[in-house]
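Worksheet: the structure to be examined is printed underneath.
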Amino acid sequence: MDIYGQLFFNGLAIGLVYVMLCSGMVLIQSVNQIIFIAFGQFYTIGAFLTWIGVDKLNFPYFAALAFGVAISFILGALTYLLILRHIQFKQGKFLATLIASTGLMLVLQQGSLLVFGTLPQSIPPIFKGTLNFWGITANIDKMTVIAMGIIITLFLFFFYEKSRIGRGMRATSFSPEIAEMHGINTNLIFLVTLGVGTAMAGVAGGIIAPTYGIDPQMGASVVWTIMAMTMVGGPDSLLGALAGGLIVGQILSFGQFYIGGMVQVVLFVIIAIILFFKPNGLLGRGIDIGVE
Amino acid sequence: MLANKLSHNIKTISFFVTILILAIVPIIVKSPYYLDLIIVTIVYAVMAMTFIILLKTGLVSLGLAVFWGLGAYTSAILVMKLGLSFWIGLPAGAIVAGLFAFVLSPFLLKSGGITFLLLNAVLGLLFIVIIGNSTFLGMYTGINNIPEVDPIKLPFLPVIEFVSKIPYYYLGLILLIVIVLVVSAFNATKIGKAWTAIGLKPRLAESIGINVYRYRMYAFVLASAIAGLIGAFWAHYEGFIQPNGFNMWMTNYFQLYAILGGIGHGIAGPLLGAAIMKFFPEMIRFTQQLGNIITGVLLILLILFLPRGILSLFDKKRKFGEGFIFIRNWAKSSFTINRKEVKK
């Protein structure tokens with residue numbers, strides 16, 4: 001029982017980080033209907049800005065986290081204003097946005113290497129010590145990751161389902177034209193969505209910084225895995241992102257213990273099977289990213 | 001009629017002139033460093049061509065590098081573990097990649113479009129982790145010391161040894177010419193016409209009796225076989241392969257070369273795009289660390305102001321001054337959140 005509980009606990013912590021990343025990606029995919037592969041770089045940027053805030057500017061941790069999230073939001077909004085706004089409504093938008101985000105990825109990747117240096121970093125844990133309950137040795141730091149993950153995910157769901165802008169997002173993701181006819185400022189919605197999506201990546205980066213350590217390449221390596229995860233739940237469903245992130249977190253945690261490195265093979269085979277039978281994912285509605 | 005014939009002749013003549021110019025390149029370029037860049041450019045341009053073949057039928061692939069890697073691994077394994085000659089490994093790479101594509105096509109091409117894209121992306125991830133976890137295929141460190149191409153022994157001629165870059169350059173050039181001829185031949189037949197029709201509107205093509213699935217399968221198998229062929233050449237040219245050399249970013253770069261040159265130009269576009277992306281970072285080497293940033297900014301500017309690629313500058317239909325008007329509109333509308341400005 002002990003070992004199962006421990007594995008579940010570890011899987012939950014990493015799964016909630018994936019949930020935050022996936023829900024940011026899903027927001028961008030479902031509302032803006034583009035594939036935004038520069039997304040991983042915002043994860044790096046959020047993590048390193050938190051590190052700069054704590055290590056260099058001597059902010060308290062949560063102020064540094066807020067600083068990182070705010071900069072991520074602003075960068076995402078600027079991306080929409082300066083680049084995506086001009087290409088995401090055109091014919092062949094899929095390739096255009098793919099190339100534009102590749103260019104952005106190169107700029108942000110090299111820029112973050114220049115600004116933050118090339119070395120892996122870590123910030124001191126916020127809370128030290130461990131708790132023992134039900135036979136689990138729980139690191140309080142990981143419990144903080146879990147608690148903050150739950151709070152932020154709940155906040156995002158509340159924002160998406162209840163707030164005025166969230167309602168606008170859902171309407172826009174259904175059909176931009178009809179949403180516009182009903183008086184929704186779709187341009188503002190696209191802007192806020194991209195900002196919120198990148199801010200989710202930034203907050204995920206900031207949250208893992210004290211527990212798992214950060215390095216400048218982490219964004220580039222994680223982005224395709226996030227895309228695969230969003231496919232499990234559905235590329236356009238926020239609930240699907242929650243399911244996908246948690247399921248993948250558990251598969252990785254248990255699989256790593258029992259079958260080692262082959263767990264990724266199993267994971268991708270499962271994803272391929274799900275996609276073959278349900279091309280829109282488990283909970284997805286199906287997005288039109290203009291491939292054809 | 002006459003104009004048609006003339007333009008056809010011009011095309012043929014320019015093809016031969018280009019081959020002649022490319023054939024005398026090693027006489028002018030002595031530095032092995034630049035020859036290496038040119039060979040890499042040829043390989044990447046061929047990969048970008050396969051992307052355009054698929055794009056022509058309305059399929060966007062995120063897994064091209066898988067077939068490239070499959071060809072490379074097939075040839076490397078055949079030569080190193082079974083002791084066969086490179087001249088068997090090269091076609092074997094193409095055949096294995098093509099067969100693999102043929103076997104997978106019922107799964108991948110079932111509903112086309114987004115499913116194809118996502119399943120290809122998963123295939124790309126799966127390829128890396130399978131090879132990374134298999135001791136036979138050399139784990140994540142890959143296969144090193146792949147033997148060079150076997151010397152060609154022809155009667156009455158000196159033996160061609162593959163020791164310097166020059167024979168590799170000519171081998172790459174011959175492969176490129178063969179691939180270009182094969183692709184042009186396909187484009188000229190009924191199959192090529194069907195591809196164009198499917199690319200314009202799959203539903204419409206289906207309604208006039210084109211079997212969309214079958215023609216897409218032809219395109220997919222052809223593109224994969226070409227990727228496998230050039231992959232086998234790549235493995236022996238580089239001398240080492242590792243699974244992360246065939247990751248999704250590589251596929252992404254191939255798309256980039258194709259789009260940079262111009263999607264409308266199936267052969268010249270990829271060559272120009274790959275050449276620019278290979279040589280430009282070398283030219284701006286004095287700015288070492290800023291190189292990637294400049295490349296990225298140029299890509300963004302290109303897609304904003306010249307979305308149909310560099311070769312679209314020479315298209316006849318283009319109006320003069322289009323770009324300037326777009327720049328003015330871009331500057332005007334970038335900093336307003338006004339719902340009237342949404343351009344469809």
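The values are calculated or read from the model by the stated rules, or taken from the named source; none is laboratory data. Just so it is clear, the model here is predicted, and its values are computed rather than measured. Quick reminder, even Gly has a Cβ in these numbers, built from the backbone with ideal geometry, and neighbours come from all protein chains shown.
For the reader, a short list of remarks on this structure follows.
- For B:D315: the one exception among (1) away from every other protein chain (no Cβ under 14 Å); (2) surrounded by fewer than 19 Cβ atoms within 10 Å (Cβ to Cβ); (3) at pLDDT 75 or above: (3)
- Of A:I83, A:I99, A:I146, A:I123, all but one fail to be out of contact with any Gly (no Cβ under 7 Å at 6 or more places or on another chain), in a loop (DSSP other than H, G, I, E, B), surrounded by 15 or more Cβ atoms within 10 Å (Cβ to Cβ) and among the hydrophobic types (A, V, I, L, M, F, W, C); the exception is A:I123.
- Elements of type helices (runs of 4 or more DSSP H) in region A:181-292, at least 2 residues being more than 9 Å from chain B (Cβ to nearest Cβ) and free of Cβ contacts under 8 Å to residues at least 12 places away in the same chain: A:238-259, A:263-277
- Among residues of region B:224-258, those that are on the phi < 0 side of the Ramachandran plot and away from chain A (no Cβ under 14 Å), counted: 19
- Flag for B:P167 being modelled with pLDDT under 75 and either away from every other protein chain (no Cβ under 14 Å) or surrounded by fewer than 18 Cβ atoms within 10 Å (Cβ to Cβ) (or both): no
- Enumeration of residues in region A:86-110 that are at the interface with another protein chain (Cβ under 8 Å from one of its Cβ atoms) and either in contact with a Pro (Cβ under 6 Å, 6 or more places away or on another chain) or closer than 16 Å to A:L27 by Cα (or both): A:A96
- Test for B:E206: is it in a helix (DSSP H, G or I), free of Cβ contacts under 8 Å to residues at least 24 places away in the same chain and acidic (D, E): yes
- B:L22 being in contact (Cβ under 8 Å) with a residue 40 or more places away in the chain and more than 24 Å from B:F127 (Cβ to Cβ): yes
- Filtered residues of region A:102-120 (kept if assigned to a helix (DSSP H, G or I) and either at positive phi or of a type in the set (A, V, I, L, M, F, W, C) (or both)): A:L104, A:M105, A:L106, A:V107, A:L108, A:L113, A:L114, A:V115, A:F116
- Residues of region A:221-250 satisfying the condition of being of a type in the set (G, A, S) and either farther than 21 Å from A:Q41 by Cβ or at pLDDT 80 or above (or both): A:G233, A:G234, A:S237, A:G240, A:A241, A:A243, A:G244, A:G245, A:G249
- Qualifying residue in region A:16-24 (condition: out of contact with any His (no Cβ under 9 Å at 6 or more places or on another chain), touching a residue at least 60 places away in the same chain (Cβ under 8 Å), within 21 Å of A:L242 (Cα to Cα) and polar (S, T, N, Q)): yes
- Counted residues, region B:57-67 - those being within 12 Å of chain A (Cβ to nearest Cβ) and either closer than 24 Å to B:A197 by Cβ or surrounded by fewer than 24 Cβ atoms within 10 Å (Cβ to Cβ) (or both): 5
- In region B:191-204, the residues that are surrounded by 18 or more Cβ atoms within 10 Å (Cβ to Cβ) and more than 17 Å from B:V60 (Cβ to Cβ): B:G192, B:A194, B:A197
- Matching option when the condition is in contact with a Phe, Trp or Tyr (Cβ under 9 Å, 6 or more places away or on another chain) and closer than 20 Å to B:L62 by Cβ, among A:T230, A:T225: A:T225
- Residue check for B:L6: in a helix (DSSP H, G or I), of a type in the set (A, V, I, L, M) and modelled with pLDDT under 80: yes
- Residue within region B:142-161 that is aliphatic (A, V, I, L, M), assigned to a helix (DSSP H, G or I) and at pLDDT below 85 present: no
- Here A:L114 does not fit the description of being among the aliphatic types (A, V, I, L, M), over 24 Å from B:L260 (Cβ atoms) and over 24 Å from the mean Cα position of the chain (by Cα).
Listed here are the residues, each with its yes/no results for (1) in contact with a helix residue (DSSP H, G or I) (Cβ under 6 Å, 6 or more places away or on another chain); (2) free of Cβ contacts under 8 Å to residues at least 24 places away in the same chain; (3) over 30 Å from B:I293 (Cβ atoms); (4) more than 14 Å from chain B (Cβ to nearest Cβ).
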{"residue": "A:S112", "(1), (2), (3), (4)": "yes, no, no, no"}
{"residue": "A:K128", "(1), (2), (3), (4)": "no, yes, yes, yes"}
{"residue": "A:F133", "(1), (2), (3), (4)": "no, yes, yes, yes"}
{"residue": "A:I146", "(1), (2), (3), (4)": "yes, no, yes, yes"}
{"residue": "A:I150", "(1), (2), (3), (4)": "no, no, yes, yes"}
{"residue": "A:L154", "(1), (2), (3), (4)": "no, yes, yes, yes"}
{"residue": "A:K162", "(1), (2), (3), (4)": "no, yes, yes, yes"}
{"residue": "A:R167", "(1), (2), (3), (4)": "no, yes, yes, yes"}
{"residue": "A:A171", "(1), (2), (3), (4)": "yes, yes, yes, no"}
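- Flag for B:V25 being farther than 30 Å from B:P202 by Cβ and either within 14 Å of chain A (Cβ to nearest Cβ) or under 22 Å from the mean Cα position of the chain (by Cα) (or both): yes
- Among residues of region A:32-48 being in a helix (DSSP H, G or I) and within 14 Å of chain B (Cβ to nearest Cβ), the one that is modelled with the lowest pLDDT is A:N32.
- Region B:69-124: number of residues that are among the small types (G, A, S), at pLDDT below 80 and touching a Pro at 6+ places or on another chain (Cβ under 9 Å): 3
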